[in-house]
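Peer 1: What follows is a single structure, and I will ask about it in a moment.
Just so you know, all these numbers are worked out from the coordinates, no wet-lab data involved. Predicted model, so just to flag it, every value in this text is computed and none were measured. Heads up, the Cβs are rebuilt from the backbone with ideal geometry, glycines too, and the neighbour counts pull from every protein chain shown.
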Amino acid sequence: MSINSVVTKIFRPNMTPNFWQQTSWAILRSVVGIMMIHNGLDKLSNIESFAEAYVAYMGLPFPIFLSYVAAFTELIGAPLLIIGLFARPAALGLFATMCVAMYHHILVAGLSIPYLELSAIYAACFLFFLINGAGLFSSDALIVNWLDKSALSAQAKRIMLLEKSYNSAEASKVASK
């Protein structure tokens, strides 16, 4: 094996879905979602304090209401993201919440990495799922497959272990020829 082919394998991006890629997406969804549930519960434990320290500090109107919106976005959006149901809308809400959090951190401490890092990492994760969806190991993928048997590729169905669906799609293609 030449050095060029080894370097190419190291740097080539993963362009086709595979089991390990989809598994890592599901793990990332789960970990980030669990952390967001914790954040939402933390906000609800003392909503007045959160509203005063974060929302009112930014000068936003209706700080208590917006604090509840942030908390319930995290408490509803995170479990949806974990199971991959309505993942893109959930990720959009969570991404918006993290953008507001980053704005708050910039107001408080300027462009200080220690203040920004956690909300920026969360925002990047949610942006990833907003753009890419929840992946093949999700409720969204199962619903798409149920609604339209031809929406997912044969390889995607194999990865999802939907052999029955894959075989029936292949049988219908053969029968239509």
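Peer 1: Please sort through the DSSP H helices of the chain and keep those with an alpha-carbon extent of at least 18 Å along the long axis and a Kyte-Doolittle average not below -1.0.
Peer 2: TM-like helix candidates: 19-45, 63-83, 87-109, 113-132, 163-176.
Peer 1: With the crude spin-label approximation of a point 7 Å out along Cα→Cβ, what separation in nm comes out for THR23 versus MET58?
Peer 2: Label-label distance for THR23 and MET58, simple model: 3.8 nm.
Peer 1: Under the rule of -39500 (n - 2.57) per DSSP H run of 4 or more residues, summed and divided by the residues of the chain, what mean residue ellipticity at 222 nm is obtained, to the nearest 500 deg cm²/dmol? Mind showing how you got there, number by number?
Peer 2: Working: 9 runs with 133 residues, N = 177.
Mean residue ellipticity at 222 nm (helix-derived): -24500 deg cm²/dmol.
Peer 1: For the chain, compute the number of Lys pairs whose alpha carbons are separated by less than 24 Å, excluding pairs fewer than 8 positions apart on the same chain.
Peer 2: Working: LYS149/LYS157; LYS149/LYS164; LYS149/LYS173; LYS149/LYS177; LYS157/LYS173; LYS157/LYS177; LYS164/LYS173; LYS164/LYS177.
Lysine pair count for the chain: 8.
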